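Just so you know, all these numbers are worked out from the coordinates, no wet-lab data involved. Being a predicted model, the structure only gives us computed values, none of them experimental. FYI the Cβ positions are ideal-geometry reconstructions off the backbone, even for glycines, and counts take in every protein chain you see.
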Amino acid sequence: MSYMVAASLEQALKILHEKGGNVQVIAGGTDLYLKKPLPDLVDVSSVPEILGICRDEGMLSIGAGVTHTEAAASAVIQSEAEALAEACRRVGSPQVRNMGTIGGNLVNAAPAADAAVALVALGAKALLVNHAGSSREAFVEDLYAGYNCSYVDGSSEILLRFLVEPCGQGMGSAFMRFAPREALSLPLVNSAAFVRLRENIIEEVRVVIAPVKPAPTRLVETEKLVLGCKPGEDIWRKVEYTAASEVEVRGSLLRCSEEYRYHLVGVLARRALKKAVERALNRQRR
Ligand SMILES: Cc1cc2nc3c(=O)[nH]c(=O)nc-3n(C[C@H](O)[C@H](O)[C@H](O)COP(=O)(O)OP(=O)(O)OC[C@H]3O[C@@H](n4cnc5c(N)ncnc54)[C@H](O)[C@@H]3O)c2cc1C
């Protein structure tokens, strides 16, 4: 196994090109180091193009190499993409958050990857470049190919950045998760929501839940239920019921029963949506 550290994007792409698929991109290594045997690795964690959080033509541009710790601590993400800050704050333990990156979280493609769930709710787009220098853009929700399997091929392609519309007037997002312990525990269920209100009516909504399928899953029936509605107490019970009815979950002896997971789906979807609406209403009042 060889380990190469790329100092620039050009150098990283050159290595991918020369190795012809026989090398793997590594960022924080928190997922990759668990895989055996390890392939040859090219470390992109110092490549400037995948680092930092900035604005790009009105969008938040978040580097794929931003760690969970950086995202959770970012004042911009906390105030304009709350769901992502909340998701990154809940990942693993301080050590895992200090090393693990948002990009790695998506490419590893775990069904309930916390940052990926939040990015889908936020409608984030990913920017990628391949070893031949061609760029592409894709919605995060379209990059899951299956269980632990991504359409981003880390042997030939580098995920550069995520573009997220910042939450402004009348917009809000939130992330919720339930795990048996606060630290070092994967979620039994996690959920994220985004809403845009116009005159107190929900005119755009995304509600995401996991793990119910190989990828973070939009709750389309729940979204239809609330779209065009004025949010009030009467709607939240229906949200809880609809969310739990539109998914199929499995129980396991080690984690939790099927019944309990259905319960969590309803409760967390309701809480995430309600919190996103509260934040959107607060922004309308300012
Ligand atoms: C103890 C422990 C607890 C954890 N708890 C959680 C948790 O609670 N919630 C959660 O969501 N995750 C959790 N994780 C998973 C992990 O920390 C995250 O998925 C992390 O974000 C992965 O990022 P990384 O930079 O370490 O990825 P790496 O391990 O470096 O890479 C993972 C995959 O992504 C690819 N890759 C990485 N960066 C790029 C890039 N820029 N372009 C193209 N391909 C790339 C690699 O080739 C590899 O296939 C946990 C992991 C551990 C070990």
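Can you give the Rg/Rh ratio of the stretch 1-117, where Rg is from the C-alpha atoms and Rh is the Kirkwood radius?
Dividing the radius of gyration by the Kirkwood radius yields 0.99.
Expressed as an acute angle from 0 to 90° and rounded to the nearest 10, what is the orientation of the C-alpha long axis of helix 258-285 relative to the principal long axis of the chain?
Long axis of 258-285 versus the principal axis of the chain: about 80 degrees.
Students often check this: by mean Cβ neighbours within 10 Å, which of 167-178, 2-13 ranks highest, and how do the rest follow?
So the order, starting with the most tightly packed, is 167-178, 2-13.
At 0.36 nm per residue, minus the direct Cα-Cα distance, what do residue 132 and residue 224 gain on full extension? Give it in nm, one decimal, please.
Stretched fully, the residue 132-residue 224 segment lengthens by 29.0 nm.
Search the structure for amide H atoms under 5 Å from the amide H of residue 124, placed 1.01 Å from N in the peptide plane, and list their residues when 5 or more places away or on another chain.
140
Among the listed pairs 238/275; 224/275; 125/224, which have their C-alpha atoms separated by more than 20 angstrom in this model?
Over 20 Å apart, Cα to Cα: 125/224.
Show me the ranking of peptides 63-76, 146-159, 98-111 by mean Cβ neighbours inside 10 Å, starting with the highest.
Descending packing order for the listed peptides: 98-111, 63-76, 146-159.
In the stretch 205-286, how does Rg compare with the Kirkwood Rh, expressed as the Rg/Rh ratio over alpha carbon atoms?
My calculation of the ratio gives 1.02.
What full-extension length gain, to one decimal in nm, is calculated for residue 254 and residue 169 as 0.36 nm per residue of separation minus the Cα-Cα distance?
Once the chain is fully extended between residue 254 and residue 169, it gains 26.2 nm.
For residue 10 and residue 199 in the same chain, what is the full-extension length gain: residue separation times 0.36 nm, less their Cα-Cα distance, in nm?
Going from the current span to full extension adds 63.2 nm.
In percent, how large is the relative contact order of the stretch 1-64, given Cα pairs closer than 8 Å and 6 or more residues apart?
Relative contact order comes out at 38 percent.
Determine the principal axes of the Cα atoms in the chain, then give the extent along each, sorted from largest to smallest and rounded to whole angstroms.
60, 48, 30
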